[in-house]
Amino acid sequence: MTSSLTITPVILAGGSGTRLWPLSRKSYPKQFVRLVGEQTLFQASALRMAGRADGLQFQPPVVLTNSDFRFIVTEQLSEVGIDPGAVIIEPEGRNTAPAVLAAALHLLAQDPEAVMLVAPSDHVIPDAEVFHEAVKQGLAAVAAGDLVTFGIQPDRPETGYGYLELASQPDGSGAAVKLARFVEKPDAARAAEMLAAGTYLWNAGIFLFRAKDIVAAFEAYAPDLSAPVKAAVAEAQADLGFLRLAPAPWAGAQDISIDYAVMEKAPNLSVVPFSAGWSDLGGWDAVWREGERDDNGVSLSGAATAIDCEDTLLRSDSENLEIVGIGLKDVIAVAMNDAVLVADMSRAQDVKKAVDALKAKKAAQATQFPMDHRPWGWYESLVIGDRFQVKRIHVHPGAALSLQSHFHRSEHWIVVEGTARVTIDDTVKLVTENQSVYIPLGAVHRMENPGKVPMVLIEVQTGTYLGEDDIIRYEDVYSRGQGAKG
């Protein structure tokens with residue numbers, strides 16, 4: 001059917017970000033980081049499913065994310081020239097089943113024949129053209145009412161992935177094959193047996209189906225989930241270009257994956273085999289495998305130097321921090337300005353234990369990324385003292401912070417790049433590079449970037465209390481099409 005060639009991508013962009021710590025954290029998970037290539041994983045996923053490509057016509061994507069990531073999503077899509085169709089905000093994480101159902105209900109209300117391609121935002125698929133061919137292979141099954149998933153041809157006995165058992169051996173054409181069953185993550189011996197059998201594929205968590213078919217599947221096999229999600233969608237509120245699902249009914253939705261809720265119960269399942277390269281970057285060992293390596297198996301990123309090293313990953317994500325490895329073998333070393341990870345390559349999956357240990361000691365590095373993204377740009381803390389704090393603040397062209405004041409602190413602003421328009425009580429003036437301005441305690445103030453290039457300033461706060469909640473907002477302004485908050 002011709003309409004089936006028009007597909008709406010549904011991009012899942014939540015996640016807790018523990019297995020690639022310290023670069024990926026709860027406040028800034030791996031899909032928003034440049035791990036492999038020039039784009040972030042989220043940007044690469046969106047570009048792979050954008051516009052007209054290889055005989056497919058993709059609609060603007062629907063993105064499922066949470067409130068903390070909403071501005072990161074829109075900013076990163078804007079950077080690669082993609083206008084999102086809808087950014088749906090989940091009040092709290094509820095796994096993939098409620099998220100997919102919410103997206104399906106949203107699309108079904110607009111188009112009764114909508115076809116949706118559901119994909120995580122943190123996977124690496126190097127060959128987009130082959131991926132598009134796989135999607136086209138699944139369209140016939142979708143037209144027949146099947147729920148289609150994509151299985152990755154395994155190249156090793158992997159114990160970290162779930163598997164899909166096919167009802168028959170693939171014929172090599174790439175055509176969809178009926179699914180026999182889902183298989184949980186196996187032990188090493190069982191993984192080797194499944195690799196040899198040739199009828200098992202890795203479960204990529206990518207799905208293709210009509211919105212009406214997946215909604216019907218939820219009603220048949222997960223009726224307890226349908227009611228709260230339908231209510232959350234029906235009562236959703238528009239907010240600054242985002243669609244916020246209603247929190248009360250959403251809280252009643254079960255925290256469950258789409259595999260457990262529907263896929264393992266539905267009889268109308270097909271699998272498209274895919275063998276052109278794929279990784280979920282589920283650990284630093286996977287980043288090492290997917291990245292560029294020299295003849296000694298050494299992968300370097302940022303300000304990193306290796307001397308007599310083998311099969312090692314060295315990465316610095318701080319512009320002022322050099323990392324040097326000497327005589328290392330099978331080692332992961334990742335440095336940021338607030339945390340450093342050093343691990344044996346074979347222990348890559350244990351990085352989440354480090355996060356748990358840091359949470360137990362209440363270390364901010366366990367979950368908080370040193371850079372905080374806002375609708376107007378971002379800031380990072382450079383130095384924190386007993387009664388002072390130094391921040392670097394980046395404000396997008398045309399963006400502004402809200403009009404505000406503080407009870408407990410005064411601020412010094414030094415512009416180091418671009419031009420700032422500064423409001424202090426009744427005075428408005430331009431502050432250019434190498435100039436500074438003082439904001440007294442209690443003064444009503446605002447900073448704006450009226451220019452065409454980013455504005456960067458250094459903010460020095462002094463006072464008895466420096467928390468982010470010491471703020472009164474008098475007026476929210478709009479920046480780059482969205483409400484700006486300080």
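The values are calculated or read from the model by the stated rules, or taken from the named source; none is laboratory data. Owing to the predicted nature of the structure, the values given are computational and were not obtained by experimental measurement. For neighbour counting, all protein chains shown are included, and Cβ atoms are generated from backbone atoms with ideal geometry for every residue, glycine included. With ligands, DNA and RNA removed, areas are computed over all heavy atoms of the protein, side chains included. Shrake-Rupley method; radii C 1.70, N 1.55, O 1.52, S 1.80 Å.
Given the criteria more than 30 Å from Ala140 (Cα to Cα) and assigned to a loop (DSSP other than H, G, I, E, B), does Gly282 qualify? Criteria met by Gly282.
In the condition set (1) out of contact with any Cys (no Cβ under 6 Å at 6 or more places or on another chain); (2) within 27 Å of Arg19 (Cβ to Cβ); (3) not polar (S, T, N, Q), His394 is compliant with all but (2). Scanning segment 433-453 for residues that are in a loop (DSSP other than H, G, I, E, B) and among the acidic types (Asp, Glu) gives a single hit, Glu433. Looking across segment 268-285, the residues that are closer than 23 Å to Asp330 by Cβ and modelled with pLDDT of 90 or more come down to Gly283, Trp284, Asp285.
Of all residues in segment 50-61, those satisfying the criterion of being surrounded by fewer than 24 Cβ atoms within 10 Å (Cβ to Cβ) and either touching a residue at least 24 places away in the same chain (Cβ under 8 Å) or outside the structural domain of Gly15 (by the TED database) (or both) are Ala50, Ala53, Asp54, Gly55, Leu56, Gln57, Phe58, Gln59, Pro60. Based on this model, can you work out whether Thr65 counts as polar (S, T, N, Q), modelled with pLDDT under 90 and either closer than 30 Å to Ala141 by Cα or in contact with a Gly (Cβ under 8 Å, 6 or more places away or on another chain) (or both)? No: the conditions fail for Thr65. Scanning segment 342-358 for residues that are open to solvent by less than 90 Å² (accessible area, probe 1.4 Å) and either touching a Lys or Arg at 6+ places or on another chain (Cβ under 9 Å) or polar (S, T, N, Q) (or both) yields Met345, Ala348, Gln349, Val351, Val355.
Considering segment 311-329, the residues that are open to solvent by less than 60 Å² (accessible area, probe 1.4 Å) and out of contact with any Gly (no Cβ under 7 Å at 6 or more places or on another chain) include one that is nearest to Arg347 (Cα to Cα), namely Leu313. All conditions in (1) in contact (Cβ under 8 Å) with a residue 40 or more places away in the chain; (2) more than 30 Å from Leu166 (Cα to Cα) hold for Val324, with the sole exception of (1).
Can you pull out every residue in segment 435-470 that is without any contact (Cβ under 8 Å) to a residue 40 or more places away in the chain, open to solvent by 30 Å² or more (accessible area, probe 1.4 Å) and within 36 Å of the chain's Cα centre (by Cα)?
Within segment 435-470, Glu468, Asp469 meet the criteria.
Among the residues of segment 125-148, those that are aliphatic (A, V, I, L, M) and either over 21 Å from Ala99 (Cβ atoms) or not assigned by the TED database to the domain that holds Gln59 (or both) comprise Ala128, Val130, Ala134, Leu139, Ala140, Ala141, Ala143, Ala144. Val415 satisfies every condition listed in (1) surrounded by 20 or more Cβ atoms within 10 Å (Cβ to Cβ); (2) in a loop (DSSP other than H, G, I, E, B); (3) over 26 Å from the mean Cα position of the chain (by Cα) except (2). Inside segment 228-273, residues that are closer than 11 Å to Leu101 by Cβ and among the small types (Gly, Ala, Ser) make up a count of 3. Of the residues in segment 295-308, at least one is in contact with a Phe, Trp or Tyr (Cβ under 7 Å, 6 or more places away or on another chain) and either open to solvent by 60 Å² or more (accessible area, probe 1.4 Å) or not β-branched (Val, Ile, Thr) (or both).
Note on segment 369-389: residues that are in contact with a strand residue (DSSP E or B) (Cβ under 7 Å, 6 or more places away or on another chain), part of a loop (DSSP other than H, G, I, E, B) and at pLDDT 85 or above total 2. Output the residues belonging to segment 62-75 that are open to solvent by less than 10 Å² (accessible area, probe 1.4 Å) and either among the β-branched types (Val, Ile, Thr) or in a helix (DSSP H, G or I) (or both). Matches in segment 62-75: Val62, Val63, Thr65, Phe69, Ile72, Val73.
Looking at (1) farther than 29 Å from Arg156 by Cβ; (2) modelled with pLDDT of 95 or more; (3) surrounded by fewer than 15 Cβ atoms within 10 Å (Cβ to Cβ), which one does Trp250 not meet, given that it meets all the others? All conditions are met except number (3). Filter segment 80-99 down to the residues that are within 16 Å of the chain's Cα centre (by Cα) and not in a loop (DSSP other than H, G, I, E, B), then identify the one that is farthest from Met49 (Cα to Cα). The extreme case among them is Glu90. Looking across segment 8-46, not a single residue is free of Cβ contacts under 8 Å to residues at least 40 places away in the same chain, part of a helix (DSSP H, G or I) and open to solvent by 10 Å² or more (accessible area, probe 1.4 Å). Of all positions in segment 189-198, at least one carries a residue that is part of a helix (DSSP H, G or I) and either surrounded by 19 or more Cβ atoms within 10 Å (Cβ to Cβ) or in contact with a Cys (Cβ under 9 Å, 6 or more places away or on another chain) (or both). In a loop (DSSP other than H, G, I, E, B), touching a strand residue (DSSP E or B) at 6+ places or on another chain (Cβ under 9 Å) and not β-branched (Val, Ile, Thr) - does that describe any residue in segment 50-57? So far as segment 50-57 goes, yes, one or more of its residues are in a loop (DSSP other than H, G, I, E, B), touching a strand residue (DSSP E or B) at 6+ places or on another chain (Cβ under 9 Å) and not β-branched (Val, Ile, Thr).
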